[in-house]
1. From the phi of every residue in segment 217-223, what ³J(HN,Hα) in whole Hz does the Karplus formula 6.51 cos²θ - 1.76 cosθ + 1.60 yield, where θ is phi - 60° and glycine or proline is x?
2. Set Lys and Arg Cβ to +1 and Asp and Glu Cβ to -1, take the dipole of segment 102-161 about its Cα centre, and tell me which of A158, A131, W112 lies farthest positive.
3. Ranking request for peptides 81-89, 11-19, 345-353: highest mean number of other beta-carbon atoms within 10 Å first, then the rest in descending order.
4. As a test of the formula, what do you get for the chain when each DSSP H run with n ≥ 4 contributes -39,500 (n - 2.57) and the sum is divided by the residue count, at 222 nm and rounded to the nearest 500 deg cm²/dmol?
5. Which cross-chain or sequence-distant (5 or more) residues have an amide H under 5 Å from the amide H of H36, H modelled 1.01 Å from N in plane?
6. Only Cα pairs within less than 10 Å get springs; with that Gaussian network setup on the chain, which residue of D69, D270, D359 has the largest fluctuation?
7. Where the centroid of each part is defined by its Cα atoms, how far is segment 297-324 from segment 3-17 in Å?
8. Over all alpha-carbon pairs of segment 1-146, lay out the pair-distance distribution in 10 Å bins, whole %, shortest bin first.
Amino acid sequence: MPARLTVLFLQGPPTAFWPELAAAFRLAGHRTRKVHFCLGDQVFWRGGGAGAYRGTLQAFGGWLDALCDLEGVTDILYYADRLPYHIAAAEVAERRGLRVWAVENGYLRPDWLTLEPFGMGRNSRFPRDPAEISQLADGAERPDQTVLYRHGFAREAASDVAFNLSRIAGWPLYPRYRSDIYYPAVLDYLCWLPSAWRKYRRKAECRRIEAESAADLDYSLLAMQLQSDYQIRASSDYGHLSEMLDQVIGSLAVNAPVSRHLVVKGHPLDSGWENWPRVLAGLAERHGVDDRVHWLDGGDLTALIRKARGVITVNSTVGLHALREGQPVICLGSAVYDLPGLCHQGGLDRFWTEAEPVDRAFFDRFTAALAARIQVRGSFYDPAGRTAAQQAIVARMEQPGLYWQP
């Protein structure tokens, strides 16, 4: 019989996942508690055992210390490990010797979620030594990438809107709440309207670029991420993604073969706030390669990866997708998979002509170790996927010696 846990839930994903996970812990004989930081947290919680924190961010660490004493907390769970309150919680947990876990979208997505000690990106505790990773993979199976759990964009968007509008409406109840929201939520949502119109107008051009890419265009693929993604802010040296684009296009102009093009694929959830096509066109013109740089709003990602000479990313899971296809990858930020034998380690300027090949055998061991140690099969949105992930998380956390590193 595993030791009884007392699990403290902080902010979670805007779905039914968090209260259902708490119920799964209670069903297994463990205690759960929840802290609400804003009205959005309350809207997506059911099952009791919750209290509100309405103090300042600066005072939260001391308040959490006292709560851990009062409740005998053994584990802290949070979604989005760089939320200011979660950074403070990780510091409290490490000082007290508690276990703290980041639950996030999976590295092996779709159909996988992350359950990782402390955090992701630069804060990941996952080994960086290929020999140690190979040892972790001993006896583990290569993860099944068959998609079992599906959900539409509308469900994800509606959940996000419901959380943020509740958060805004509940400001009088939580006037000291500090959010990590990069753009004002309502204005960000309004950007989708002109963005959708711009995408519609660019459809013909995108189809032409995709057709050329599928034929004989000599190109490298750059996968854009969201400027609002905290993995850009916390796990890269870029203050703004325009700095990354400037670096990549400048390197293309100086170091790539004159026949090499750059296809930049927009993130499917980008609202259009930044107007990346305009930014990209300006940078390409300034570096004298405006005829070799192309913006793509859609397209078949797998097909684009397979035809590319290599894939450039900051730290997107597109990089793992490309490695799975055997394509060279370079990360410009911190990523758990940016390892010798997987990603190019020789710098961007050499990537255009000397991209290091993928060690397919090591990639299989790496993904097996990921799946066995810090990934669980499931979904935040699909009901069956939520149940599968919740059961797996409870089982993992009942085995503290499996991979925990204090």
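The values are calculated or read from the model by the stated rules, or taken from the named source; none is laboratory data. This structure is a prediction, so every number in the text was calculated from the model and none was measured. Positions of Cβ are backbone-derived with ideal geometry, glycine not excepted, and every protein chain shown enters the neighbour counts. Surface areas here come from the heavy atoms of the whole protein model, side chains and all, with no ligands, DNA or RNA. Shrake-Rupley method; radii C 1.70, N 1.55, O 1.52, S 1.80 Å.
1. 5, 8, 9, 9, 10, 10, 8
2. About the Cα centre, the residue reaching furthest to the positive side is A158.
3. Values: 81-89: 20.6, 11-19: 22.6, 345-353: 15.4.
Order by mean packing, descending: 11-19, 81-89, 345-353.
4. Numbers: 17 runs with 177 residues, N = 406.
Helix contribution divided over all residues of the chain: -13000 deg cm²/dmol.
5. Excluding prolines and chain starts, which carry no amide H, the hits are G51, A52, Y53.
6. D69
7. Their Cα centres are 33 Å away from one another.
8. P(r) over segment 1-146, rounded to whole percents: 10, 37, 36, 14, 3.
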